[in-house]
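A quick write-up on the structure given underneath.
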Amino acid sequence: SRGPSAMPSASGGPDLRACASLARRHSFSGLWLLLACLTARGEYFPDVNAEQTWQRPLMMPWDPVRALKQSITVTWTPAWNPWCSVDRYELQVRRPYGIPLRFADLESLRYREADIDMGHMEDPNWPGDHEWTNWTTNYTGVGRAYTLQVEDETAHAAQFRVRACGEPSSLAGPGPTDVGCSQWSPIQTAHTVLHAFIDKINWMVRGTGMNAPTYTHIEVNRQIIYRRRDETGLVLACFLRLDMSLQWLRTYDTHRNRSEALLMAQHLRTFNASYFVVVASTIAWEWQAPRTLVQTMEFCGAYHFGQWAHIFAEQVHYRSNTSDLQQTASQQEFGHPYAFVGIPGIGSGMGWESLMYNTGHYLARTVKTQEAVIRGIAYYDYVARLYRMDDVRATKALFFLKSQPPLPETFHNPTPTRKVPETDLFSIASMQPAYIPYVGTLRHHITSVLEANGTVKPYNFAFVLKTDAKVFKVDPRPKSWWLTELEMLWGGPSMRYWDHNGSKLYQGLNINDRSCPDFIKYTHLMASPESCGVNFTDCCDRVDVPDFTITECRIGVSPTLCRELDENESQMVNCSGVSHIDNATHYDKWPCPFW
């Protein structure tokens, strides 16, 4: 006969007392019925530890937009446990231990420019638990968001972790024995934020070389730190990485004074990894840069600096594939634009370097002289409390960047293709430098031009031919064409005489009757915008004036002397209210200020 079925218990499973009663009534099959009830109960209420079945909460990805100057807001995902409901969340917080700036001293130079997250990828224990305070429970509740209030003049950083705890009364049946709490979530590092003017700082460094009329320029956060063009050597500026404040600014004449170069190395060694080192060239810097300065610059991250110092300084070098590593210069060709930004201790080649060709081109009116420019943005790392460089862009000639010398008949290597010797890779005797830099500035060639054009007595007998039979023939061209290269640049034709009797052949100007003869021949070598006075009248009253090419800005014997724009030229520039233009080169290259 069919007996009553086993009734479910109040908790939803089969009642063992009902099973036992049925087993007594039906003794024949009672044993099997009892075993079936026990099996059903075991499957419905397994013997588990609910504390081990938690799906722990996770901190939601954090972004600086969730922080203010005195508060940090964090959120986290919900937790879940199949055997109980969530009773509460516990959020713990810890802050840096000790003084707020301590983390800056703990940073390893291996992570010199990596942000804090990348640093944890390399070393997840940095800077170590002992550098943080003990965990404190700041929040207990069912909500999943929390805002931490941070006091002024304390560390910016804070670390968070969260866990969930269950409600014992919500246990699903008598199987689970304990609810407990989940494991802690992975630690999340967050921080307060400062004003955007401090959070991100733009900076720019511009180094100039020989014959460049532009200014050597260092600018940080729209403030001009250095802007001059009357000094020679290397400008050294050091900025504290804690707040980008200027700590050192001085120009060292490393081109003419070896003691100045050694002093620069000594001063550089006084700074550690808490500083940014900025170096910019002005006019020339190579001749007296000793190995001591080279090692110091390489200690700060330079690379090309050492090769150029090897070429120019300490001892005489000749062009070859071994002594001249770059194969681009001799000790007579100097004045390469150079700019550098680095950190003491990061090692050779790890800084940012800009090195350009040293050529300024003869009569190239539309060509700008080479400049070494480095631009970037310094971002504030709130955890380490240091500024880090990012988005850095540095100009660099292809020869220094990729070891690709300029092709023949190009801007920086105007050698005709037919004159380039064929490369013989197997003969040591035929080893030739990759190319010889072309320096075609009028300042470089003015002495040769003066002599070659026959304008110096007693050699001004040009435009007359003398045959072997002592027959004299005058140039048959019109006299308006009797102009040498120098005369086209310097005020017209010269006085010409017959060679055989010294009588006058052509009425023109004697060299001493021309404008500024001493300046053209000698004193232009010492001229600068500051030493020549107002409108350069202390040097020459016809500097950078129309139709007088020999003193024109950028291409004359004094390429750095440039007059300011007149009112008509200034009105052609629309700079949104900015009307002041520094000089002609500023107008050509940067018609408006950087900001």
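The values are calculated or read from the model by the stated rules, or taken from the named source; none is laboratory data. Computed from a predicted model, the values in this text were never measured in an experiment. Using ideal geometry, Cβ is built from the backbone for each residue, glycine included, and neighbour counts are taken over all protein chains shown. Ligands, DNA and RNA are stripped out before the accessible areas are found, and what is left, the full protein with its side chains, is counted by its heavy atoms. Shrake-Rupley method; radii C 1.70, N 1.55, O 1.52, S 1.80 Å.
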Subject >> Reach of Lys521 by Cα under 20 Å, taken over lysines that are not fewer than 8 positions away in the same chain >> reply: Lys457
Subject >> Loop sites in the range 469-559: GluC sites (Glu not before Pro), DSSP, at most 14 other Cβ within 10 Å >> reply: Glu530
Original post:
Based on the Cβ-Cβ distance from Met244 to Thr147, what FRET efficiency comes out when R0 is 45 Å, to the nearest 0.05?
Top reply: 0.90
Original post:
trypsin sites (Lys or Arg not before Pro) within the range 457-560: which are DSSP loop residues with at most 12 other Cβ atoms inside 10 Å?
Top reply: Lys470
**OP:** Please work out the average accessible area per residue across the range 181-264, using the 1.4 Å probe convention, and give it in Å².
**Re:** 40 Å²
**OP:** Can you send over the carbon and sulfur percentage of the accessible area for the range 242-310, probe radius 1.4 Å, protein chains only?
**Re:** 49 percent
**OP:** Would you list, by chain and number, the lysines whose Cα falls below 29 Å from the Cα of Lys69, excluding same-chain residues fewer than 8 positions away?
**Re:** Lys200
Original post:
What do you reckon, how do Met210, Met488, Met60 stack up by accessible area (1.4 Å probe), largest on top?
Top reply: Met488, Met60, Met210
Original post:
In straight Cα distance, which lysines are under 23 Å from Lys368, not counting same-chain residues fewer than 8 positions off?
Top reply: Lys396, Lys402, Lys589
